[in-house]
Amino acid sequence: MITQNQPSDRPKTGLVLEGGAMRGLFSAGIFDVMMEHDLWPDGLIGVSAGAAFGCNMKSRQTGRVIRYNKRFAHDWRYCSFRSLLKTGDMFGGDFCYHQLPLHLDPFDSKAFADNKMDFCAVCTDVETGEPVYKHLDEVNYEFMEWIRASASMPVAAKIVTINGQKLLDGGIADSIPLSYFQRQGYERNIVVLTQPRDFVKQPGSMNPLINFLLRKHPRFVEASNHRHIMYNEELGYVRQQEAAGNTLVFAPEEKLPLNHICHDPKLMQRVYELGREQAEHRLDELKKFMK
């Protein structure tokens, strides 16, 4: 059993969560199993849905991700084109990141703060096109805005401004931040992908619209246009590190039966269970890797 009170000479273990909006339910299934078996990494870094869902591991709230996604699957305030038209955000900014965690399915702020596990959310700076890595240890309004920024997909969300810095989806600049976490001292890492291992990212179909809507931010546009190149290079690096023995990779065996948006609770549950099944099947391997 691996706990957070490990000898100081043990290599630091990180958990790296890719984004993918509702595909992140696969990741939630994996880290819920880890929590149930008291398997705690020293740090967690999440991109987009990886941050929005992964913060529930630091707050020790097993099952919360799948619960609130199913509960609000048909609520237009949570995710809908109506929300996009009324608020500028497909996933309602105020509803998802403030009303829901404060009142409707409370996020455990105290447990989050008490948990010594490092937590980092990745965003993209709209002005520079560069990744922003925000380490968060206290839950407040600004914390929720950082999570919202990390998950704010271009076109489907407004730019989020925090302390004068304009931010959007972290996946634009660093989709799989394994290299960053290694530079932070995490020698051994568990990487959870939300696409199959053999996935090859193609140029985004929304690029022309992004290029137009964000034309005043040329560096962000450039990063968006080159995202598929960055992503495929990072995926290659993950494979390289896996072969070197310092990285354990979880990924769907085949393309998940949902994409960024889903309003079907049964389909959500199915994807979540796929993550749980893989984690349970590889539990001994996971325990061995984390020792």
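The values are calculated or read from the model by the stated rules, or taken from the named source; none is laboratory data. All values derive from a computational prediction rather than experimental measurement. Cβ atoms come from the backbone with ideal geometry, glycine included; neighbour counts cover every protein chain shown. The protein model used for the area step is the full one, side chains on, heavy atoms only, and it has no ligands, DNA or RNA in it. Shrake-Rupley method; radii C 1.70, N 1.55, O 1.52, S 1.80 Å.
Evaluated on the chain, the Kirkwood hydrodynamic radius is 18.9 Å, with distances taken between all distinct Cα atoms. For region 146-175, the residues whose backbone nitrogen is under 17 Å from a point 7 Å from the Cα of L85, taken along Cα to Cβ, are 156-157.
Note on region 141-291: with charges restricted to the Cβ of Lys and Arg (+1) and Asp and Glu (-1), its dipole about the Cα centre is near 360 debye. For region 103-171, trypsin sites (Lys or Arg not before Pro) are listed when DSSP marks them as loop and at most 15 other Cβ atoms sit within 10 Å of their Cβ; the list is K116, K158. Values of log10 I(q)/I(0) for region 73-154 across q = 0.17, 0.20, 0.25 Å⁻¹ run -0.78, -0.99, -1.21, by the Debye formula with one identical scatterer at each alpha carbon and no solvent.
Taken about its Cα centre, the chain carries a charge dipole of roughly 500 debye when the Cβ of each Lys and Arg holds +1 and the Cβ of each Asp and Glu holds -1. Maximal additional length on extending the K291-D105 stretch stands at 63.6 nm, based on 0.36 nm per residue less the C-alpha distance. For region 60-160, the share of accessible area belonging to carbon and sulfur comes to 53 percent (1.4 Å probe, ligands and nucleic acids excluded).
Taking chymotrypsin sites (Phe, Trp or Tyr not before Pro) across region 1-80, the ones in a DSSP loop with at most 15 further Cβ atoms lying within 10 angstrom of their Cβ are W76. Taking label points 7 Å from Cα along the Cα-to-Cβ direction, K201 and K266 give a separation of 3.3 nm. With every protein chain left in place, what is the accessible area of H103 in Å² (1.4 Å probe, nearest 10)? Surface open to solvent at H103 totals about 140 Å². Accessible area per residue for the chain, computed on protein heavy atoms with a 1.4 Å probe, is 44 Å².
Taken over region 205-291, the convex hull of the Cα atoms encloses 149 Å³ per residue.
Looking at the chain, the DSSP beta bridges with both ends there are about 40 percent antiparallel.
Measuring against 21 Å, Cα to Cα, the residue pairs K12/K58; K201/K255; K12/K287; K12/K116; K70/K110 contain K70/K110 as the ones spanning a longer distance. A 1.4 Å probe, protein heavy atoms only, puts the accessible area of L85 near 150 Å². In the chain, a dipole from Cβ-located charges (positive for Lys and Arg, negative for Asp and Glu) runs towards its positive end, and of L167, F81, L193 it is F81 whose Cα lies farthest in that direction.
Ranking of R219, R227 by solvent-accessible surface, largest first: R219, R227 (1.4 Å probe, protein heavy atoms only, all chains present). A simple charge model with +1 on the Cβ of Lys and Arg, -1 on the Cβ of Asp and Glu and nothing else charged puts the dipole of region 209-291 at about 360 debye relative to its Cα centre. In summary, the convex hull built on the alpha carbon positions of region 1-86 has an orientation-averaged projected area of 6.2 nm².
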